[in-house]
1. Could you sort A:LEU203, B:LEU44 by accessible area so the largest value comes first, with the probe set to 1.4 Å?
2. Using the Cβ atoms and a cut-off under 10 Å, what net charge is assigned to the surroundings of B:ALA152, where Lys and Arg are +1 and Asp and Glu are -1?
3. In nm, to one decimal, how far is the A:CYS57 label point from the B:LYS131 one, both placed 7 Å along Cα→Cβ?
4. Which of the listed residues, A:VAL192, A:VAL69, A:PHE143, is farthest toward the dipole's positive end in region A:5-217, when Lys, Arg count +1 and Asp, Glu count -1 at the beta-carbon?
5. From the cross-link list B:LYS10/B:LYS180; B:LYS131/B:LYS173; B:LYS9/B:LYS173, which pairs have alpha carbons spaced over 26 Å apart?
6. Report the net charge of residues surrounding B:ALA55, where surrounding means a beta-carbon distance below 12 angstrom and charges are Lys +1, Arg +1, Asp -1, Glu -1.
7. Classify region A:5-217 as rounded, prolate or oblate from the Cα gyration tensor: take a ≥ b ≥ c as the square roots of its eigenvalues, call it rounded if a/c is under 1.5, otherwise prolate when a/b beats b/c and oblate if not.
8. Which of the residues in region A:129-168 show a loss of at least 20 Å² in accessible area from their chain by itself to the complete set of protein chains, at a probe of 1.4 Å?
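The values are calculated or read from the model by the stated rules, or taken from the named source; none is laboratory data. Remember, it's a predicted structure, so these values are computed and weren't measured experimentally. As a convention, Cβ positions derive from the backbone with ideal geometry for all residues, glycine included, and neighbour counts pool all protein chains shown. Ligands, DNA and RNA are excluded from the accessible area calculation, which covers all protein heavy atoms including side chains. Shrake-Rupley method; radii C 1.70, N 1.55, O 1.52, S 1.80 Å.
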Amino acid sequence: MVLHWELIWRSLPLLLAGALMTVQLATIAVGLGIVIGTVAGMARLSQVKPVAILSRCYIDFIRGTPLLVQIFMVYMGLPQLTGVVIPPYYAAIIALSINSGAYVAEIVRAGIQSIDRGQTEAALSLGLSPSQVMRYVILPQAFRRIIPPLGNEFIAMLKDSSLVSAIALEELVRKGQIIITRTFRPFDIWLVVALLYLVMTILISRLVDWSERKLKVKPVEEREEEAARATAWEGGGFGPWLQMASLLRVRRPARERGEETT
Amino acid sequence: MIRVVDLHKKFGRLHVLRGITTEVRQGEVVVIIGPSGSGKSTFLRCLNLLEKPTAGEVYIEGVRVTDPHVNLRAVREEVGMVFQRFNLFPHMTALENIALAPHKVRGLSREEAEARAYELLERVGLRDKAKSYPDELSGGQQQRVAIARALAMQPKVMLFDEPTSALDPEMIKEVLDVMKALAAEGMTMVVVTHEMGFAREVGDRVIFMDEGVIVEEGPPQELFARPQSERTRTFLSKIL
């Protein structure tokens, strides 16, 4: 069995276009999923019982049913109800986002619950309202802790988005299928498809590791230097982003910093 | 200043507070002592409603805070609290920890809030640590920042829940010194502690609690020298 290198070479542009669509789908889905999941995750912990129950139902339904069925429900089920046809691309985005939202909700819930109760008590004792406590004290700490599981969610979504090939959206798997029906070389093409997924997932996990390290707080002197640089950049429009990054920073263990400062 | 009438607290079937009645006057330093599990901390936490009393009344400056319609935030703005485990916000610098509530709750501008935070850091002797994060500080320094954070709201009363119990021995003094200075300035304070030296030196009144009731209370000299109740005597003999 020898690989058909020329075929692989000629298929590559199509497959790469599919991979690009895959990345796009996963990015948008997890992006919207983070928004949905943050709301649903907080709702799940709400003191207002109906809100908590509603959120719980959403999370259980999504996590307890196959993604493929959810995709079909959005793509074929919704138009039957509403009479409005949804193009595959939007159906895919809707289904994947709603799906991702449920998983992110559980990640957010766990992140919030992992924050020590004393933090809430201290903030409340200062007179902050429950929503201020959430916004200024709990969520900034929780979001740092959930970066690694969010990375895992992104990788999972990248792979699971292959299911939208079932509604003929031309992402990576669908492109592979199309090429195979024309060339009858399933092994070569599926191998390349698999490798492309592998490359993407490895890159993403590296990116997550890097951002985790990047978000850790540096020693005081280094921070001041950076702050000086950041203000110098503000005209370039980077100010808000740098501020957001500094919001997410975590401290490095004292020992590690000790070595660097000496 | 604070008036507590027949306060009860149950956690499920556990009856932690069994009828506490006492008063704290303006400028008074009340020290609460007693064995662990006696309800000292629960009592303190009922004063700023971190725990909801099961029965009984708490009045702070004439306001019945046990009223179900009371504005919890308004009550807590006037009652500062310092915790055993500091509970500083780890993602904020010392300065940000202190400036947060004055800025977000009292509505001071960021500059005003930070100016106040610097003043308070100066007062607890940590001005040079303004830009440090909590885990860059020692336990004693963290607790001093926590005291400054509570003071930043300019509360009328300060509650201390075993503020030195989580500290290494050599750091206890720096925290007690800050508290002594505060008492000398006339702050009304309710302090749960095992530091009998502090109780004797700074306390106007000592309350001995056991099994959810006030067993005995009085000026520290009297209570330590001539405890009336057998339970107080037993407790004091173990710790003095």
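1. The ordering from most to least exposed comes out as A:LEU203, B:LEU44.
2. +2
3. It is 5.3 nm.
4. A:PHE143
5. B:LYS10/B:LYS180; B:LYS9/B:LYS173
6. Neighbourhood net charge equals +2.
7. Taking the square roots of the gyration eigenvalues as a ≥ b ≥ c, region A:5-217 is oblate.
8. Going by heavy-atom accessible area, the residues of region A:129-168 that drop by at least 20 Å² are A:SER129, A:GLN132, A:TYR136, A:VAL137, A:GLN141, A:ARG144.
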